[in-house]
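Have a look at the structure below before the remarks.
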Amino acid sequence: MTCSHKTLADAIRMLAVDAVQQANSGHPGAPMGMADIATVLWRQHLRHDPADPQWPDRDRFVLSNGHGSMLLYALLHLTGYDLPIDELKRFRQLHSRTPGHPEVGVTPGVETTTGPLGQGITNAVGMALAEALLASTFNRPGHTIVDHRTWVFLGDGCLMEGISHEACSLAGTLGLGKLIAVWDDNGISIDGHVEPWFGDDTPKRFEAYGWRVIRGVDGHDPAAVDAALRAAMDDVGKPTLVCCKTVIGHGSPNKAGTHDVHGAALGAAEVAATRAALGWHHAPFEIPADVRAAWDQHEAGAARHAAWAQRFGAYRTAHPGLAAEFERRVMQRALPADYPRRSAEALARVVAEAATIASRKASQNAISALLPLLPELIGGSADLTGSNLTDGKTSVPVRRGEHGLAGNHVNYGVREFGMSAIMNGLALHGGFVAYGGTFLTFSDYARNAVRMSALMRQGVVYVYTHDSIGLGEDGPTHQPVEHVASLRLIPNNRVWRPCDAVETFVAWQAAVERRDGPTCLILSRQNLPAQARNDAQVDAIRRGGYVLAGSDTAAQVTLLATGSEVALAMAARDQLGGDGVAARVVSMPCCEVFDAQDAAYRAQVLPRDVPVLAIEAGVTNHWRAYTGFDGDVIGIDRFGESAPAAQVYEALGVTAARVVERARTLAARTAR
């Protein structure tokens, strides 16, 4: 017997209802309201293979309204992914594969971690951008190996978040024709009916972005949904918004259409009433065999995958070099075989040059050196390319041409948050190592996307320049003091603040080689002097902290510094030595990497019997972990001033003279 559309959609509804009820926590309304749309999409249009969630030419599906996670879990379970019914029964429980919001790497088939509203649609823009750029790079006449769509479900909350404007505006400008967003227009948010606070004409808004908009779709009419999705799949060189009018909690007799069903279990009585209203006469979590068979996508997915594999085989025969590069970049996500050698050679050139330049310029030089080694590098800036220096010698702006989008440097416009979440999407898709720049003080705009990079373990590189009061005349609005410490608080985030060109290149090496989390590069506007090192010291930079300058006699104080303040520490060391105070200098470009070293190495760099004076042009609390109560910190626990950089450093007490004074005091106190 053929199962009706209603029966198949009700299977989603009741799995969501039962899971939320059992957990006594969750959001049943969106899964119930979007079940009809999801049934049409996942059974008739989405190209995927449950047996291989990593198939490179699969369609991507993003649930941007991630609070409705049971919709996605129900779909993954029903279509045959490795998500057994027992995991649905453990919804929102410790160590289950069905966490409260979808998490990439936890649940097979989940493409990105969503929940912070607006970031899912923005990740999807990055995925669609990745597809378009890979298609122009690898497809050849008669051989199309990159050809998939990115589908997004999103709700009113995603559209209210400002990041959706940043991302969708750029998507329209870039003409991402394989991006299809389905708006769950149910008119409800947590506070109730949205009209008093969300009165936008959303279709007109998206048309203004340059999107194609399909209006007025009844989200509970499968024929209407099917027609709209088919129309959306006709690539007209524009992303598409499908506007589906739905009833939140559809099927619940007493709570449908209200905010009561948005974020709480229905309650036992309403669950029973919903079962009766839908005619779903099955126990909780029970899926009849005919329904399960109708939902199963193993056969269809295997056929799609096999057809692509056959095409890829022909492609490999015709273009073996391109095929090998596609496998490396997209399927293996591995570095080129010659990368270690060529990267080491490039570092040796930087060491030999010993240039006195700003670390932002050193970063640009590193980008120029790495781009020929790593064609997967894709850069960009939030309208500050000439200041962040994120364009290398072979950078090409991403533009649409005769053969589609091409280039390796994105002009993101003044969209720091959008840029950062788009880079997450590029990384999640595969085939790219994304980096993007802005002023460090504007990292606040991007912070939640940086946090998501760390949570999702994505190797995104954030290039943050103008890193301190050293930028001078722009004043306290642009002078970061708390930002480096704030970024260091994010778990699994690595923050590098290099002191010269050599440390900057090593930081870039570490960043592009990292596969399990993001890296923030904190770079200066002002020139920094080259520091002398032997080969062992150059190698030790990768350990996050190392002894840059020792002492000929027993050290009386260790000067611990990062970035531009390393030069201050070196100058102070020379003055102290002339006064008979033996000082060592430790450069610590990356605290997170240093902290991961073995105890013996850390004790060698920072011996406990030598007091530590830490110096960084930022807030001081972070450094107490290294100085202890017996040490001292020179930093800035206030906002800056508008003046030439040297005057600001003097006014705020971040000078070699002050380092000398405080180091003498520390050494004398310890001697007593």
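The values are calculated or read from the model by the stated rules, or taken from the named source; none is laboratory data. Because the structure is a prediction, the values reported are computed rather than measured. Note that each Cβ is placed from the backbone with ideal geometry, even for glycine, and that neighbours are counted across all protein chains shown. Note: accessible area is taken over every heavy atom of the protein model, side chains too, but ligands, DNA and RNA are not part of it. Shrake-Rupley method; radii C 1.70, N 1.55, O 1.52, S 1.80 Å.
Near residue 211, no amide H atom lies under 5 Å from its own; only residues 5 or more places off or on other chains count, and H is placed 1.01 Å from N. Rg then Dmax, both in Å and based on the Cα atoms of the stretch 474-565: 14.8, 44.
Would you kindly work out the equivalent ellipsoid of the stretch 7-99 from its C-alpha gyration tensor and give its semi-axes, the square roots of five times the eigenvalues, largest first in whole Å?
Numbers: eigenvalues 86, 49, 26 Å².
Taking √(5λ) for each eigenvalue gives 21, 16, 11 Å, largest first.
Summing Cβ point charges (Lys, Arg +1; Asp, Glu -1) relative to the Cα centre of the stretch 564-622 gives a dipole of roughly 120 debye. Taking the longest Cα principal axis of the chain as reference, the axis of helix 29-44 is set at about 80 degrees.
Take every pair of alpha-carbon atoms less than 8 Å apart whose residues are at least six positions apart; their mean separation over the length of the chain yields a relative contact order of 12 percent. Computed from Cα positions, the angle between helix 443-456 and the longest principal axis of the chain comes to roughly 70 degrees.
With a 1.4 Å probe and every protein chain left in place, work out the accessible area per residue of the stretch 184-294 in Å², rounded to a whole number. Each step should come with its number before you reach the end.
On the way: 5110 Å² over 111 residues.
Heavy-atom accessible area per residue stands at 46 Å².
For the stretch 260-326, the Stokes-Einstein estimate of translational diffusion at 20 °C and a viscosity of 1.002 mPa s comes to 129 µm²/s, using the Kirkwood hydrodynamic radius over alpha-carbon pairs.
A P(r) calculated from all alpha carbon pairs of the stretch 303-396, with 10 Å bins opening at zero, reads 13, 33, 28, 17, 8, 1 percent.
Angle of helix 416-429 to the longest C-alpha principal axis of the chain, folded into 0 to 90 degrees and rounded to 10: 70°. The phi-based Karplus calculation (6.51 cos²θ - 1.76 cosθ + 1.60; θ = phi - 60°) puts the 3J(HN,Hα) values of the stretch 183-197 at 8, 7, 8, 9, x, 10, 10, 4, 7, x, 5, 7, 3, x, 10 Hz, whole numbers, x for Gly and Pro.
With a simple spin-label model that places each label point 7 Å from the Cα along the Cα-to-Cβ direction, the separation between residue 285 and residue 629 comes to 5.2 nm.
Inter-part distance, the stretch 378-438 to the stretch 593-672, computed on C-alpha centroids, equals 36 Å.
If you roll a 1.4 Å probe over the chain with all protein chains in place, what percent of the accessible area is carbon or sulfur?
Working: 12830 of 24700 Å².
Roughly 52 percent, rounded to a whole number.
Along the axis of the charge dipole computed for the chain (Cβ charges of +1 for Lys and Arg, -1 for Asp and Glu, origin at the Cα centre), the listed residues 32, 173, 469 are led at the positive end by 469. A Cβ-based charge dipole, computed about the Cα centre of the stretch 233-340 with Lys and Arg at +1 and Asp and Glu at -1, lands at about 220 debye. Compute the orientation-averaged projected area for the stretch 413-559 from the convex hull of its Cα atoms and round it to one decimal in nm². For the stretch 413-559, averaging the hull's shadow over all directions gives 10.4 nm².
For the stretch 228-296 versus the stretch 13-78, the spacing of their alpha-carbon centroids is 10 Å. The 3J(HN,Hα) values that the Karplus relation (6.51, -1.76, 1.60; θ = phi - 60°) gives for the stretch 152-163 are, in residue order, 9, 9, 8, x, 4, x, 4, 6, 6, 5, x, 4 Hz. Gly and Pro appear as x. Rg and Dmax of the stretch 108-198, both derived from C-alpha coordinates alone, stand at 15.5, 54 Å. In sequence order, the stretch 232-240 has phi-based couplings of 5, 6, 7, 5, 10, x, 9, x, 10 Hz under the Karplus curve 6.51 cos²θ - 1.76 cosθ + 1.60, θ = phi - 60°, and Gly or Pro positions carry x. Take the Cα of residue 657, step 7 Å toward its Cβ, do the same at residue 621, and the gap between the two points is 3.2 nm.
Counted over all Cα-Cα pairs of the stretch 204-323, pairs farther apart than 21 Å make up 68 percent. Take the Cα of residue 669, step 7 Å toward its Cβ, do the same at residue 318, and the gap between the two points is 7.4 nm. Here the stretch 538-582 is scanned for amide nitrogen atoms under 16 Å from the site 7 Å beyond the Cα of residue 604 along Cα-to-Cβ, giving 538-551. Heavy-atom accessible area, probed at 1.4 angstrom with all protein chains present, ranks 423, 331, 233 as 331, 233, 423, highest first. Per-residue surface analysis assigns residue 214 an accessible area of about 30 Å², computed on protein heavy atoms at 1.4 Å probe radius. Placing 87, 286, 650 in order of accessible area, with the largest value first and a 1.4 Å probe, yields 650, 286, 87. Determine the distance separating the Cα centre of the stretch 544-578 from the Cα centre of the stretch 447-466; give it in Å without decimals. Here the two parts' Cα centres lie 31 Å apart.
Take every Cα pair under 8 Å whose residues are at least 6 apart in sequence, average their separation, divide by the length of the stretch 320-402, and the relative contact order is 27 percent.
Got a sec? Charge dipole of the stretch 349-400, +1 on Cβ for Lys and Arg, -1 for Asp and Glu; which of 354, 395, 364 is way out at the positive end? Of the options given, the answer is 395.
Going by accessible area, probe 1.4 Å, with all protein chains left in place, what is the ranking of 393, 204, largest first?
Numbers: 393 185, 204 125 Å².
Descending accessible area places them as 393, 204.
For the stretch 390-535, the dipole from Cβ point charges (+1 on Lys and Arg, -1 on Asp and Glu) about the Cα centre works out to 420 debye, to the nearest 20. With a/c under 1.5 counting as rounded, go ahead and sort the chain into rounded, prolate or oblate using the C-alpha gyration tensor (a ≥ b ≥ c being the square roots of the eigenvalues; past the cut-off, prolate if a/b is larger than b/c, else oblate). Here the chain falls in the prolate category. How large is the Kirkwood hydrodynamic radius of the stretch 38-194, in angstrom, based on all distinct alpha carbon pairs? Taking the inverse mean of 1/r over all distinct Cα pairs, the stretch 38-194 comes out at 16.4 Å.
Test of the criteria: in the stretch 412-482, which GluC sites (Glu not before Pro) are in a DSSP loop and have at most 16 other Cβ atoms within 10 angstrom of their Cβ? Don't jump to the answer; show the numbers that get you there.
Numbers: sites: 416, 473, 482; in loops: 482.
Passing both the DSSP loop test and the Cβ count: 482.
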